[in-house]
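Encoded as structure tokens, the structure appears first; notes follow it.
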Amino acid sequence: MICDLLTLNWEEISRQAPGKLVVFLGIAPVEEHGRHLPTGVDFYETRYWIDGAIRFLENEHPDYCYGTLPVIPLGFADMGMFPGNIHVSRKLIFDVIYETVKAVANWGVKHIIVISGHADPLHSIAIEQACEKINTENGITAFAPMGSIFNANQKGIVSEQPEELTENTRKYPNDFHAGWIETSCMLEIAPEYVSPDYHTRPDISLSGRDMMDPVRTAALIRDEGHIGYPSRASAKLGAMLNMDMSRQIKEAVCRFLDRKGYQCYEKHPLYDIPGFRITDI
Ligand SMILES: [Zn+2]
């Protein structure tokens with residue numbers, strides 16, 4: 001069963017067996033995504049992937065109730081001075097997740113899943129630290145698998161994906177922001193918000209190393225706002241990408257519900273590198 005927790009009263013929520021209620025909490029920034037995509041990309045993706053994952057979960061684990069909360073529209077989204085961009089501190093992300101998850105845990109809920117469509121390592125790690133703190137205090141309750149899902153290869157997480165996606169990733173790598181990946185996802189989720197000139201936007205190629213240099217990144221994307229290859233996007237690829245993401249989230253959550261083999265999803269590959277974690281918490 002799936003339920004939108006905003007539509008229930010407290011008594012209805014209290015009737016759910018705490019061990020059988022899974023609460024999904026999304027968090028994603030309002031962030032510039034080039035000239036061709038809306039600022040809500042990460043927000044829409046987050047909601048869409050959560051809904052997709054729940055559809056899979058209902059099949060595999062129909063004995064649970066899947067509750068959704070509204071996506072929190074905040075993120076560490078350091079994309080410079082573009083109008084429309086809202087960038088907040090890592091500490092705020094940590095606090096919002098820690099306090100919100102703690103409040104849900106206080107209802108007696110044992111499975112709280114935090115999902116974000118925003119892949120910035122500093123954003124992911126702040127969320128993971130909040131979950132880690134909750135889990136230390138409450139016992140294992142909170143789970144944030146996206147930092148690992150976005151970096152499945154580095155984490156050694158094996159996931160089968162359609163050959164066409166693998167092939168595109170090989171041809172158009174480092175498609176970090178509003179490139180073929182996100183443009184395709186949005187062509188499936190909400191094509192009406194994608195500017196039809198997306199296929200005329202230039203390729204902007206940056207390596208992972210370049211991305212670590214904010215000054216260089218800002219200079220390279222100044223005129224456009226994207227990093228990658230938006231012109232190679234299609235709704236067909238988007239359907240495959242969204243399905244793949246929902247399936248990967250489902251797989252991680254299944255493991256968490258069983259409390260078996262989920263640990264490989266708990267930490268972003270950069271978690272232990274000095275400087276990536278918040279220290280004043
Ligand atoms: Zn994005």
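Below are the figures for this structure:
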item	result
Residue list for the stretch 139-160, filter: buried (at least 16 other Cβ atoms within 10 Å of the Cβ) and among the polar types (S, T, N, Q)	T141, S148, N151
Tally, over the stretch 30-58, of residues that are in contact with a Lys or Arg (Cβ under 9 Å, 6 or more places away or on another chain) and farther than 21 Å from S195 by Cα	6
Count of the stretch 1-38 residues which are within 21 Å of the chain's Cα centre (by Cα) and closer than 30 Å to I227 by Cα	14
In the stretch 117-146, residue nearest to E251 (Cα to Cα) [restricted to those that are within 16 Å of the ligand (Cβ to nearest atom) and of a type in the set (A, V, I, L, M)]	M146
Close pairs from the stretch 102-122: first closer than 11 Å to L21 by Cβ, partner more than 14 Å from the ligand (Cβ to nearest atom) and hydroxyl-bearing (S, T, Y), Cβ under 7 Å, at least 6 apart	K110/T141; I112/T141
When residues of the stretch 18-56 are limited to those that are farther than 24 Å from E251 by Cβ and of a type in the set (A, V, I, L, M, F, W, C), the one nearest to the ligand (Cβ to nearest atom)	L37
Odd one out for G108 among (1) farther than 23 Å from K250 by Cβ; (2) crowded, with 18+ Cβ neighbours inside 10 Å	(2)
Residue selected from the stretch 161-185 under the condition part of a helix (DSSP H, G or I) and buried (at least 19 other Cβ atoms within 10 Å of the Cβ), by the criterion nearest to the ligand (Cβ to nearest atom)	E182
Residue in the stretch 186-211 that is farthest from the ligand (Cβ to nearest atom), counting only those that are within 21 Å of the chain's Cα centre (by Cα) and modelled with pLDDT of 95 or more	P191
The listed residue being part of a helix (DSSP H, G or I), away from the ligand (no atom under 16 Å from the Cβ), within 24 Å of Y64 (Cα to Cα) and modelled with pLDDT of 95 or more, out of V109, V101, V114	V101
Helices (runs of 4 or more DSSP H) within the stretch 186-281 that include 1 or more residues closer than 30 Å to R55 by Cβ and in contact with a Phe, Trp or Tyr (Cβ under 9 Å, 6 or more places away or on another chain)	235-258
Residues (among the aliphatic types (A, V, I, L, M), surrounded by fewer than 21 Cβ atoms within 10 Å (Cβ to Cβ) and closer than 22 Å to L187 by Cα) located in the stretch 218-239	A235, A239
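The values are calculated or read from the model by the stated rules, or taken from the named source; none is laboratory data. On a predicted model such as this, the values are computed, not experimentally measured, just so you know. Don't worry about glycine lacking a Cβ; one is built from the backbone with ideal geometry, like all the others, and counts go over all protein chains shown.
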